[in-house]
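Trainee: Just passing along the structure, written as structure tokens.
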Amino acid sequence: MAATGETQPAKHQEVGHKSLLQSDALYQYILETSVYPREPESMKELREVTAKHPWNLMTTSADEGQFLNLLLKLINAKNTMEIGVYTGYSLLSTALALPEDGKILALDINRENYEIGLPIIEKAGVAHKIDFREGPALPLLDQMVDDEKFHGSFDFIFVDADKDNYLNYHKRLIDLVKIGGVIGYDNTLWNGSLVAPPDAPLRKYVRYYRDFVLELNKALAADSRVEICQLPVGDGITLCRRVS
């Protein structure tokens, strides 16, 4: 109870800052009504394990995981890539959505975090779909761009990594995703900071990456090679469908 005797608004249970809704109670309603009851047991287990990790702010929210899983089924994705894995919540969501012979090229600089979720992924029976590579993504992407067999070979690519390299990723991924395929860029509304006044009190990392996210959004809006849709799911996700 508040000092005035009034009941405090309910706080949603997702870790971090993963909802842009102004009402925590409304977000909690979405989670309890539509997300948690339909969440696979393996994803629930990984979500709860990740919530105990000190960097849990980096995880994909449960509602975004559900969104990605359905999106992949809608576009019949089979060959995918993920840049930025962390403990693998979005990776598991993707693996569960793909057919038995589906593949995910998963890139991250930290194998240790990936191995937190790996036993759960293995228990879910989808580890065989994942090709995990540890290290910076750009050198591998450059190799793939130089090899024409990889051009247009991916149905879906999800990027949730270093925001200061998002445009560098886009310059390469546009050649690797097929025409009609989709690239999803996460955190494109960046804590809602994109419309904050210059003197707004922002966390240091939010302020640092803010200009990079603004630059990405401007570039994607002007890129005639893709159709785009920016959605306020999680911390904002922009979908880019390659058209040329």
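Trainee: For the subset of the range 213-228 comprising residues that are more than 21 Å from Ser193 (Cβ to Cβ) and in a strand (DSSP E or B), which member is least open to solvent (accessible area, probe 1.4 Å)?
Mentor: Selected residue: Val226.
Trainee: Please specify each residue of the range 49-76 satisfying the condition of being farther than 16 Å from Val233 by Cβ, open to solvent by less than 90 Å² (accessible area, probe 1.4 Å) and part of a helix (DSSP H, G or I).
Mentor: Across the range 49-76, the qualifying residues are Val49, Thr50, Ala51, Asn56, Leu57.
Trainee: Looking at Arg210 and the list (1) basic (Lys, Arg); (2) farther than 28 Å from Leu70 by Cα; (3) exposed (fewer than 15 other Cβ atoms within 10 Å of the Cβ), which single condition is not satisfied?
Mentor: Condition (3) is where Arg210 drops out.
Trainee: Hey, another quick one. So, in the range 134-190, exactly how many residues are part of a strand (DSSP E or B) and either touching a residue at least 60 places away in the same chain (Cβ under 8 Å) or in contact with an Asp or Glu (Cβ under 6 Å, 6 or more places away or on another chain) (or both)?
Mentor: The total comes to 14.
Trainee: Within the bounds of the range 96-118, is there any residue that is without any contact (Cβ under 8 Å) to a residue 40 or more places away in the chain and on the phi > 0 side of the Ramachandran plot?
Mentor: The answer is no, given that none of the residues of the range 96-118 is without any contact (Cβ under 8 Å) to a residue 40 or more places away in the chain and on the phi > 0 side of the Ramachandran plot.
The values are calculated or read from the model by the stated rules, or taken from the named source; none is laboratory data. All values reported here derive from a predicted model rather than from experimental measurement. Quick reminder, even Gly has a Cβ in these numbers, built from the backbone with ideal geometry, and neighbours come from all protein chains shown. With ligands, DNA and RNA removed, areas are computed over all heavy atoms of the protein, side chains included. Shrake-Rupley method; radii C 1.70, N 1.55, O 1.52, S 1.80 Å.
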